[in-house]
Structures are given as C-alpha cells and as structure tokens.
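As structure tokens, the structure follows; a few thoughts come after it.
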C-alpha cells in the first residue's frame with residue numbers, strides 16, 4: 001500500500017524505488033493500466049435505458065416483423081415481438097405508452113390469427129383491445145381499439161349484432177372521435193340499426209367499484225357445437241345447471257356484473273344452431289347467462305385463463321359426443337405424406353367425448369380417460385420445423401381412444417379433443433369425476449441433448465433419478481427446485497394414489513409398446529419404466545401413467561412421431577398393455 005496527498009499525482013510522484021527508474025516506470029504503467037481497466041469495466045456495464053426506450057424497441061421489432069412476410073410464418077418470431085410488449089404492460093401498467101403497447105399487442109395477435117387460424121389468437125387480440133378500452137378510456141387509441149374489436153366480431157366471429165353494438169357504443173362515447181365515420185359505415189354494413197339496439201344501450205348497468213366485470217359475450221357455430229364465450233376482467237367461479245322442459249343450459253356467476261352497454265339478449269337465427277337465444281340476467285351483484293335450446297343437448301363448461309373466460313360448449317345434436325372442427329396451428333411447411341393436419345384428421349373418432357363430461361353415475365362400465373398432453377397456449381416441447389408436442393399428443397390420443405374402444409369395448413373420454421389449454425389439475429379432476437378405472441397421459445419427450453431418443457413410461461412416485469426429475473420439471477412447467485419441493489407433499493398422497501397398481505400398469509404398457517414397435521422399427525430404444533413426481537398424475541383416484549412416446553427433440557424420433565404407422569403401432573401397444581393389466585386385475589375377461 002502507498003499513500004498520496006490530495007495534491008499528489010501518480011505520474012508526478014518522485015521515484016524512490018531502489019530498483020531504478022525503469023522499474024518505477026513499469027509500476028506506473030501497471031497502475032495506469034489497472035485504472036484504465038477499472039474505468040472500462042465501470043462503463044461497460046449496460047445501463048437500462050428506461051421504459052420509454054423499452055417501448056420504442058418493442059415497437060420497432062413489431063414493425064420490422066410486419067415488413068417480412070416470410071418471418072411472419074413462424075410463431076417463434078411472433079413470440080419475440082409479443083413477449084417484450086407483454087413485459088412492458090406488466091412492468092409499467094400506468095406508463096404513458098402502455099395504451100400504445102396494448103394497441104400493438106392487439107394488432108399483433110390479429111395479424112397472427114390470420115396466419116395461425118387459431119381462435120385463441122383472435123381471443124387474445126380481443127382481450128388486448130378490450131383492456132385498452134376499459135383501462136384507458138381517455139386514450140386517443142381507445143376508439144381505435146373499439147372499432148377493431150367491432151371489425152373482429154363482424155369479420156372473424158361472424159357476429160354482426162355484437163359488432164353493431166360496439167359501433168353504437170363507440171359513437172356514443174366518442175362522438176367527436178376520428179373513428180366515428182368508420183363506425184357508422186360498419187354499423188350500416190352490419191345490417192343493424194340503432195333502433196334495434198336501443199334497449200341494450202339506453203339502460204346501461206353501473207359497474208363502478210365492481211371487482212369483476214363481464215366484459216364480453218360472444219358465440220360461434222360449427223357443425224358439431226355452439227360455443228359461447230363469457231369474458232370477465234378477472235377469473236370467476238360459476239354454477240351450471242340445465243333444464244329439460246323447456247330445454248336450456250345456464251350458468252350463474254356470482255360477484256360479476258355486466259359491462260355498460262353489454263347486450264342482454266342475443267338471438268341466433270340460424271337453422272344449424274341448437275341454441276336459439278342467449279340471455280343475460282342480473283341480480284344482487286351476480287349474472288346469469290341462459291342458453292335457450294331447440295332440444296336437449298350435451299354440454300361442457302370450463303374456464304380458461306389469459307384472458308379470464310367461461311366457455312360453454314353445447315353439442316349441435318342430440319348425441320352426447322363433442323368433437324372439434326377447429327383448424328390447428330401450422331407455422332412451418334412439412335412433408336405432405338406426414339403432415340400433422342392429415343394425421344389429426346385420420347385419427348378423429350366420432351365416438352370419443354370431449355373435455356368435461358356428464359355427471360358421474362354408478363354405472364360400472366369400464367371407463368378409461370386419455371389425456372393429450374399440453375394444448376392451447378401451452379405448446380409443450382417444440383421440435384424441428386416447429387413441430388409442436390401438443391399436436392402430436394392430440395393425434396396419438398385420438399387414435400388411442402379409438403383402439404381402446406375396439407379392444408376393450410369400454411367408455412373412453414379425452415381430457416381435450418381440441419387445441420385448448422387445461423391445467424394439470426383439471427386433467428385428473430376429469431378422470432376422477434367420471435370414475436375412470438385407468439388414466440393415461442400421452443406426451444412426447446425432449447432433451448437438450450439432441451442425440452437422446454427412445455420410449456419410456458412413468459408413474460407417480462419419488463425419484464432420485466436426475467433424468468426423471470428433469471422430465472418431471474419440463475412436464476410440470478417447474479424448476480428443478482420446485483420439483484424437489486413437490487416431492488415433500490407426496491407423503492400425504494401415497495395412500496390414495498394407487499402407486500403399486502400404477503407401477504404394474506406402466507410395466508405392462510411399456511413392455512407391450514416396445515414389443516410391437518421393435519417388430520416394425522429396428523431403431524426403437526427401450527428406456528424402460530421410471531417413476532417421478534408428475535403434477536398431472538397427482539390426485540388421481542385410479543392407476544395412472546404418463547407415456548413419453550418418443551423424443552421430439554431428436555430428428556429421427558421426430559420423424560417417427562409424424563409417421564402414421566408409428567402412431568398406430570404405439571397406440572396398439574398401449575391399448576394391449578392396458579388390456580393385459582386389466583385382465584390381471586380381473587377387470588376384463590380374456591378373449
């Protein structure tokens with residue numbers, strides 16, 4: 001250590017070093033170099049430019065993507081634009097640029113939906129525009145957002161009545177706004193007059209101080225079902241009931257009031273709709289949504305998040321089955337022979353029920369629930385050419401349901417028969433509700449090591465195997481630490497989780513799968529039966545397993561997952577393994 005007076009300079013300090021001027025000069029150079037390095041390091045640390053620059057960067061990325069038609073075809077490019085915008089509105093909810101960020105999000109999801117053809121992307125666009133309207137009504141973009149929502153209702157939801165309602169609301173709220181002329185043109189185009197909508201707009205309900213508001217009610221119709229979507233500003237619980245005479249289905253939503261200007265009645269004048277009317281009633285801080293039906297029909301009601309929605313699916317026939325006619329997202333071209341669209345279409349089974357089901361009965365007919373892993377906003381693992389795990393699992397699950405019916409003459413229910421998002425807890429809850437005898441969750445594996453491949457089957461238990469814990473972390477959408485914490489709660493579940501039966505089921509399924517696959521595919525690798533703390537298996541009241549058919553991250557396995565023969569052989573193996581297990585439990589007779 002050396003000392004200096006305040007007036008001293010390192011360069012001017014006389015040298016008293018016994019080794020001479022050269023050594024002292026070297027010391028000075030060393031000190032100057034160290035100080036320079038410190039200066040460089042201090043100034044090299046990146047400085048956050050602030051929210052304004054964050055917004056400008058996100059905005060620039062959005063417009064760069066809009067200029068490239070080729071880049072727009074890949075969802076990961078959209079994610080690079082959407083994520084910073086979502087982060088901005090989350091981190092800076094009251095910033096002056098937050099309305100603009102919501103507007104860009106709405107525009108981005110609108111454009112993305114034109115490419116993906118996914119209803120969820122349109123719903124997201126609606127949600128972003130709606131959030132802008134509700135939370136920033138004085139923004140210069142609020143009337144723009146209302147007009148774009150009206151256009152989406154008119155063009156994408158085929159709901160001119162709701163589009164007209166929004167146009168009337170826009171004209172009433174922003175009579176001097178620059179969107180008024182466009183709103184009047186769209187109102188005229190919709191075929192609805194202000195007189196027809198007068199009752200819905202002249203007696204608005206007050207939502208002042210309400211914690212949860214019903215922001216939107218919309219519907220869509222396809223040959224299989226009528227879907228009614230009730231959007232709320234926060235998650236809401238509901239009670240559902242049905243009546244046979246007159247035929248109707250309704251939900252009571254406590255703690256939710258209707259948005260100002262939200263229509264109380266929607267007439268559906270279409271011959272292909274089992275739903276005739278949708279009516280809203282309000283009393284004591286609660287809302288009832290009633291669907292008047294032409295005839296009694298099966299229905300399915302569930303909730304979705306981001307945005308919060310209650311979804312009512314009502315079968316468009318007297319049969320209890322619901323299946324989807326919705327297209328799947330395809331963001332990259334694939335080989336025509338193995339296109340997932342074709343696989344999904346060929347795997348469709350008109351005898352398979354969708355998502356949630358009729359109330360549990362005492363009928364002890366053999367029942368199996370097949371869970372197609374991931375779905376909706378959760379794509380699961382992503383392989384080469386943007387191959388999504390959620391697509392593969394849905395195709396496999398539909399095939400498996402058909403084959404199980406064939407071999408076991410049993411009731412088969414799918415947790416999802418469409419590209420919808422379900423929580424891990426909802427999946428086993430469905431199985432418990434219908435009194436399933438077996439629960440099978442279907443997945444495609446992934447690894448950072450692209451060379452890893454193979455087929456394996458898991459059941460719920462503690463696991464000190466690092467690889468099994470890594471798989472559990474990915475499927476649970478948890479960190480490794482969180483998986484470790486999850487193991488601690490398994491002690492209380494062991495008595496009811498059918499561990500021994502699940503182990504036997506997993507062994508029968510894995511053995512049967514590998515035996516059949518190796519007869520047709522020489523490259524199959526048997527990774528065996530493993531145990532792990534899988535969230536999707538927690539709480540199941542029946543033997544339950546998770547099948548990882550192959551590694552989507554491996555190019556060879558990914559090709560197999562798209563191969564029709566591989567899919568058919570895999571599900572045949574699973575079905576025969578289940579049959580062998582049930583025979584051992586004396587639950588089915590041997591043929």
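Can residue 435 be described as under 27 Å from residue 367 (Cβ atoms), surrounded by fewer than 19 Cβ atoms within 10 Å (Cβ to Cβ) and at pLDDT 85 or above? Yes, satisfied.
Among the residues of segment 247-272, those identified as assigned to a loop (DSSP other than H, G, I, E, B) and crowded, with 18+ Cβ neighbours inside 10 Å are 256, 259, 261, 262, 263, 268.
Listed here are the residues, each with its yes/no results for (1) crowded, with 21+ Cβ neighbours inside 10 Å; (2) under 20 Å from the mean Cα position of the chain (by Cα); (3) within 25 Å of residue 264 (Cα to Cα).
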| position | (1), (2), (3) |
| --- | --- |
| 97 | no, no, no |
| 105 | yes, yes, no |
| 125 | yes, yes, yes |
| 137 | no, no, yes |
| 141 | no, no, no |
| 152 | yes, no, yes |
| 168 | yes, no, yes |
| 171 | no, no, yes |
| 181 | no, no, no |
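Candidates in segment 218-242 are the residues that are touching a helix residue (DSSP H, G or I) at 6+ places or on another chain (Cβ under 8 Å) and part of a strand (DSSP E or B); of these, the one that is farthest from residue 288 (Cα to Cα) is 220.
Residue-by-condition table, conditions (1) in contact (Cβ under 8 Å) with a residue 40 or more places away in the chain; (2) more than 18 Å from residue 367 (Cα to Cα):
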{"site": "535", "(1), (2)": "yes, yes"}
{"site": "557", "(1), (2)": "yes, yes"}
{"site": "560", "(1), (2)": "no, yes"}
{"site": "574", "(1), (2)": "yes, no"}
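Candidates in segment 399-437 are the residues that are touching a strand residue (DSSP E or B) at 6+ places or on another chain (Cβ under 7 Å) and assigned to a helix (DSSP H, G or I); of these, the one that is nearest to residue 569 (Cα to Cα) is 400. Selection over segment 514-545 of residues that are assigned to a strand (DSSP E or B) and either over 17 Å from residue 460 (Cα atoms) or out of contact with any helix residue (DSSP H, G or I) (no Cβ under 6 Å at 6 or more places or on another chain) (or both) gives a count of 4.
The values are calculated or read from the model by the stated rules, or taken from the named source; none is laboratory data. This one's a predicted model, so the numbers in the text were calculated from it and none came from an experiment. Note that each Cβ is placed from the backbone with ideal geometry, even for glycine, and that neighbours are counted across all protein chains shown.
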